[in-house]
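First up is the structure itself, then whatever we jot down about it.
Computed from the coordinates by the stated procedures, all read-outs in this text should not be read as laboratory data. Because the structure is predicted, anything quoted here is derived from the model rather than measured. Note that each Cβ is placed from the backbone with ideal geometry, even for glycine, and that neighbours are counted across all protein chains shown.
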Amino acid sequence: MDLGLAGKKAIIVGGARGIGFAIAEVLAREGCDLAISARSGDAVKDAVASLKRYDTKVVGGPVDVKKPDAYRKWIEKAVDQLGGCDILIPITSAGGGLGSEKYWEKAFEVDVMGPVRAVEVVLPHMAKQQSGSIVLIATTSAGEAMGGPQAYNAMKASLVTWGKQLALAHGKDGIRVNVVSPGPIEFEGGNWEMIKDTMTKFYDATLRQQPMGRFGQPDEIARCVAFIASPAASWVNGSHLIVDGGFTNRTHF
C-alpha cells in the first residue's frame with residue numbers, strides 16, 4: 001500500500017530516541033521531510049545524522065517543552081525550515097512516579113502542555129492549507145488502573161478526550177486528529193529496561209500478562225502511527241487506537 005507520505009512535512013517533538021525515533025525513521029523511509037527535537041542536543045544531532053540516510057530533508061534541535069516561549073519558537077522555526085507542516089506528532093513524556101506533587105506538575109507541563117503548545121502553533125498553518133494530521137501519543141495506562149495512582153496515567157488520559165475534541169472542532173479545516181496508545185514497549189535505555197533492573201518482580205509480572213509472551217518494540221508502534229498520520233487513513237478522525245499486543249483487558253466496543 002502506498003501511504004502517500006512522500007513529500008509530506010512532519011514535526012516530531014521527542015523524536016530522537018525510542019518510539020519517537022522509530023516514528024521518525026518510518027516517516028523518513030516513506031519519503032517525509034522531518035523536524036525532530038529532544039532535550040539533548042547530542043541526541044538530536046545523532047538522530048538527524050542517522051535519518052539523513054533516507055535522502056529526505058531532516059532538521060532538528062534541542063528544546064525543553066517546559067519553556068513555553070523557546071518551545072513555541074522552535075515549532076515555528078521547524079515549520080519555516082520545512083516549508084509547512086502536514087503532520088505533527090508530539091510524543092514527549094515526563095514518565096511515571098508516585099507521591100510528590102512535583103510529579104503532577106512535571107507531567108502536566110510535559111505530557112499535556114507539551115502537545116497543547118505544539119498544536120496551538122501548527123493549527124493555523126494546517127487550517128490555512130486546509131489539511132493536516134495530528135497524532136497524540138497516550139498510553140494503555142490511561143484506560144486501565146495500572147501502576148497505582150499517579151500523574152502519568154491521568155495526564156495521558158486527558159489527551160484521549162482532548163484529541164477527540166480537536167478532531168470534532170477542526171475537521172472542517174481538513175485537519176484529522178487521532179490518538180495512539182501503546183502498551184508496554186521495551187528498548188535500550190527505555191523505562192522498561194530500567195524497570196527490569198530495578199523492579200524485577202513487577203517487570204516479570206507484567207511480562208506474564210502479555211498474551212504474546214513479550215513486550216512490544218518501538219517500530220511496532222511507529223508503523224501504526226505512520227498509517228494513522230498518512231493520507232491512506234484519510235477517513236480516520238477522532239479515533240483512539242490501542243497498540244498493545246492484547247495486553248489490556250477491556251473490550252473496545
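Build a GNM of the chain with springs between Cα atoms under 10 Å apart, and of Ala157, Ala226, Ala70 the one that fluctuates most is Ala70. As a length-normalised measure over Cα pairs under 8 Å and 6 or more apart, the relative contact order of the stretch 9-241 settles at 19 percent. Gaussian network model of the chain, Cα springs within a sub-10 Å range: biggest mean-square fluctuation belongs to which of Tyr103, Tyr71, Tyr203? Taking springs between Cα atoms under 10 Å, the residue moving most is Tyr203.
Axis of helix 41-51 versus longest Cα principal axis of the chain: the two differ by about 70°, to the nearest ten degrees.
What is the sum of charges, Lys and Arg at +1 and Asp and Glu at -1, for the other residues whose Cβ falls under 14 Å from the Cβ of Phe227? Before the final figure, lay out the partial values.
Details: positive: Lys8, Arg29, Arg176, Arg223; negative: Asp2, Glu30, Asp219, Glu220.
For residues surrounding Phe227, the net value is 0.
So, counting K/R as plus one and D/E as minus one, what does the shell of residues with Cβ under 15 Å around Lys66 add up to? My count for the surroundings of Lys66 gives +2. Across Ala205, Ala22, Ala107, mean-square fluctuation computed from a Gaussian network of the chain (C-alpha pairs under 10 Å connected) peaks at Ala205.
Return the subset of Lys67/Lys172; Lys57/Lys106; Lys57/Lys128 for which the Cα-Cα distance in this structure is over 26 Å, preserving the input order.
Details: Lys67/Lys172 31 Å; Lys57/Lys106 33 Å; Lys57/Lys128 23 Å.
Check vs 26 Å cut-off fails for Lys67/Lys172; Lys57/Lys106.
Considering only trypsin sites (Lys or Arg not before Pro) in DSSP loops that have at most 11 other Cβ atoms within 10 Å, the longest stretch of the chain without any of them is 1-213.
Net charge of the neighbourhood of Arg208, taken over other residues with C-beta under 13 Å away and scored Lys/Arg +1, Asp/Glu -1, is +1.
Once Rh is set to the Kirkwood radius over Cα pairs, what Stokes-Einstein translational diffusion coefficient, in µm²/s, holds for the chain at a temperature of 4 °C and a viscosity of 1.567 mPa s?
Numbers: Rh = 18.3 Å.
The Stokes-Einstein estimate is 71 µm²/s.
Only alpha carbons enter this Debye calculation for the stretch 1-85, each as an equal point scatterer, and the log10 of I(q)/I(0) it gives at q = 0.21 Å⁻¹ is -0.90.
Against the chain, whose longest principal axis comes from its Cα atoms, helix 18-29 is set at around 30 degrees. A viscosity of 1.002 mPa s and a temperature of 20 °C, combined with the Kirkwood radius over C-alpha pairs in the Stokes-Einstein formula, give the stretch 174-253 a diffusion coefficient of 152 µm²/s. Partners of Lys196 within straight-line reach, counting aspartates and glutamates whose Cα lies under 15 Å from its Cα and excluding those fewer than 8 residues away in the same chain: Glu186, Glu188, Asp204.
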